[in-house]
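The values are calculated or read from the model by the stated rules, or taken from the named source; none is laboratory data. Here the structure is a predicted model, which means the values were calculated and not measured. Here Cβ is always computed from backbone atoms with ideal geometry, including for glycine, and neighbour counts include all displayed protein chains. Accessible surface is based on the protein model in full, side chains and every heavy atom, while ligands, DNA and RNA are left aside. Shrake-Rupley method; radii C 1.70, N 1.55, O 1.52, S 1.80 Å.
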Amino acid sequence: MRKHTCVVTLVVVVCTAAILFLSDSHARAGTFAVENSREARALRARQRAAQFLSCATFGPTSSEVDELATRMMQVGQQRACEEWVDDQLEMPPSLHVQTIENMMNAHGFELDEYDEWVIRYRHHAFYYNALRAPDQLQQRAAWALAQIFVISDRGDGFNDQRTNPNGIPQWLGPSDYYDKLLQGVTGNYRDILRDVTLHPIMGHYLSHFRNAKADPANNIFPDENYAREIMQLFSIGLHELHQDGRPKLDENGQLIATYSNDTIQEFARVFTGLTFAGAQHFYWGDPQDFVSPMEMWEEYHDHDEKTLLRGEVLPARPGLEGDGMADIEAALDNIAAHENVAPFVVKQLIQRLVRSNPSRAYIRRVTKVFNAGPNGERGNMKAVIKAIMLDPELFRGVRVRRLSNPVRVQVLTRGTEYSRMQEPMLRYISMIRALEPTAVYQGVESPWVFVARTDRNFGQSPYGSPSVFNFYLPTYQPPGALSTYSGSRRLPSSRLVAPEFQLLTTVMGNRMANHIRWEIYNSGGRFDFWSTQGASYQMQLHFDYRDWEQRIETEPEVVLDELNWLFCRGTMEDASKQSILDALTSIRQQYSWISAHEQFTAVLTCVVSTPEFVITQ
């Protein structure tokens with residue numbers, strides 16, 4: 001009990017001291033001693049590599065940072081990053097359904113195993129790919145797309161073990177949907193729009209599955225849900241935009257709506273006649289295929305004339321085979337060609353990958369690539385992702401400068417407009433990646449990393465969005481001073497946003513802190529599952545602290561610097577470092593028997609609790 005109390009005391013003292021020092025406006029930089037200009041260049045390259053990889057991966061490892069920094073020293077920052085992006089986008093994607101099958105085969109299970117806990121492999125596969133897949137940029141970009149084209153695994157039948165004619169269980173549907181987004185990272189936006197529209201998971205989630213044409217005599221009218229959300233959330237948004245993300249205004253200074261309720265009703269008529277592939281009846285019956293694209297039943301599709309965006313008219317069709325899908329394809333072309341698509345989608349991708357408040361210039365540059373990618377291909381997502389990651393604005397949140405007398409390097413952060421709070425799940429995954437754990441399954445070391453669902457303690461989990469509006473709104477502002485802060489003219493609006501803060505409630509903040517502290521102190525996470533037959537399955541992650549623990553008592557400054565680079569990209573301020581070291585010294589004097597493990601895990605907990613870790617620049 002005494003040891004537990006002293007460790008908690010250390011965490012409280014260190015974190016409190018760090019917060020107090022962070023509030024001091026006179027201390028806004030981290031300083032590193034160097035011997036010469038080459039060391040200064042190497043340190044700058046290391047910081048740039050860490051900063052870049054924090055955006056391009058689910059969190060960098062030390063070896064990944066060192067490798068990219070070395071290449072930067074050899075060929076320059078821009079070329080090194082471009083080579084890295086090109087290599088990443090040429091890799092075959094690590095698909096989630098295949099990962100699930102590989103994991104289950106390794107453990108002796110079948111995909112259609114009739115056991116409720118097996119469904120959790122959907123989450124295991126997501127975390128495994130986030131932690132270990134080599135195509136990190138594709139995985140991270142897919143997660144960004146998944147927060148635009150949102151579905152949830154809480155839908156009807158999404159967790160059922162029944163199979164389609166090819167033997168694929170329904171519960172794999174959400175993972176198959178995610179794989180479509182993952183493949184879309186190197187595909188085309190218009191193709192993503194089609195894949196999303198026809199996927200039975202989206203059909204269920206936004207209810208255009210088994211959506212029939214109007215039959216007023218029987219009180220049947222087309223469902224408008226998907227027709228509204230494909231415009232509002234997946235493509236053009238509510239208001240017309242300039243190509244740099246600024247809203248357009250009419251002659252009275254008012255926002256201009258992109259569509260009306262009449263437009264929604266017209267698109268609702270387009271998305272009629274779709275049901276399960278191979279279905280025996282439009283409304284009911286098996287097979288229920290949650291993987292294959294939905295199929296058109298012409299007799300339930302509205303073939304009359306329809307007026308779409310910008311007044312484009314779809315002609316009436318006779319109702320022959322293929323006419324219903326021709327309507328859908330034409331409607332998707334109509335949406336994808338809208339001038340709002342590029343700035344609307346680009347801004348959200350930058351928000352998810354780089355920063356919460358991208359500048360007008362940043363949005364305009366990437367929008368230009370979206371509109372006219374390689375060979376004039378509009379919506380080339382590979383080119384768009386590359387443009388986002390190679391834009392100079394990605395690095396502008398941090399300045400690295402060399403000072404003399406004595407020779408040293410300062411790392412300075414530039415503040416609110418250049419920052420983004422890591423969403424809770426990303427924060428957690430990046431911590432695990434940095435610590436490079438080993439995995440244990442049933443008491444034996446395993447190549448497969450397992451992580452349990454994180455929604456209770458982090459307010460987020462894959463496939464766990466509470467609504468189609470994602471875990472947080474892209475326009476969310478925390479209450480308080482931020483809502484009155486006037487941003488610079490470089491932003492599309494003077495209104496600063498901080499979307500991820502919508503998850504940072506008092507309760508969730510406490511749960512996150514407790515969960516992270518518990519796993520750090522216990523050198524990893526452990527969880528057990530029980531099958532319906534009563535068998536127990538134990539899974540565990542193990543963090544190896546031995547090297548740090550051996551040095552924490554003799555060279556705490558060196559250990560803290562290593563943690564600073566590993567978790568904070570070298571941005572931890574001098575005041576924060578000193579507060580941690582002072583608190584550690586004080587606790588050692590008060591509790592002379594405190595172990596090296598307790599000292600190190602308490603310091604590590606404080607590092608991952610600092611703003612410098614939580615907020616990326």
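Tabulated values for the structure
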| read-out | value |
| --- | --- |
| Residues that are of a type in the set (F, W, Y) and either in a helix (DSSP H, G or I) or within 23 Å of D179 (Cα to Cα) (or both), drawn from region 272-301 | F276, F290, Y300 |
| Of residues in region 411-427 being open to solvent by 10 Å² or more (accessible area, probe 1.4 Å) and out of contact with any strand residue (DSSP E or B) (no Cβ under 7 Å at 6 or more places or on another chain), the one modelled with the lowest pLDDT | G415 |
| Enumeration of residues in region 245-269 that are surrounded by fewer than 21 Cβ atoms within 10 Å (Cβ to Cβ) and assigned to a loop (DSSP other than H, G, I, E, B) | R246, K248, D250, E251, N252, G253, Q254, I256, S260 |
| All positions within region 161-204 that are of a type in the set (G, A, S), under 29 Å from A56 (Cβ atoms) and open to solvent by 10 Å² or more (accessible area, probe 1.4 Å) | G187 |
| D544 open to solvent by 40 Å² or more (accessible area, probe 1.4 Å), charged (D, E, K, R) and part of a loop (DSSP other than H, G, I, E, B) | yes |
| Scope region 302-335; condition under 19 Å from D191 (Cα atoms) and not in a helix (DSSP H, G or I); matching residues | G322 |
| Selection status of E598, open to solvent by less than 50 Å² (accessible area, probe 1.4 Å) and free of Cβ contacts under 8 Å to residues at least 40 places away in the same chain | no |
| Qualifying residues in region 548-574 (those that are open to solvent by less than 10 Å² (accessible area, probe 1.4 Å) and not in a loop (DSSP other than H, G, I, E, B)) - the one nearest to L394 (Cα to Cα) | C568 |
| Some residue of region 465-482 being within 30 Å of F109 (Cα to Cα) and either at pLDDT below 90 or open to solvent by less than 40 Å² (accessible area, probe 1.4 Å) (or both) | yes |
| Subset tally (residues that are in a loop (DSSP other than H, G, I, E, B) and without any contact (Cβ under 8 Å) to a residue 40 or more places away in the chain) for region 167-219 | 2 |
| Some residue of region 98-105 being open to solvent by 50 Å² or more (accessible area, probe 1.4 Å), closer than 21 Å to S531 by Cβ, without any contact (Cβ under 8 Å) to a residue 24 or more places away in the chain and not polar (S, T, N, Q) | yes |
| When residues of region 364-377 are limited to those that are in contact with a strand residue (DSSP E or B) (Cβ under 9 Å, 6 or more places away or on another chain) and touching a residue at least 60 places away in the same chain (Cβ under 8 Å), the one least open to solvent (accessible area, probe 1.4 Å) | F370 |
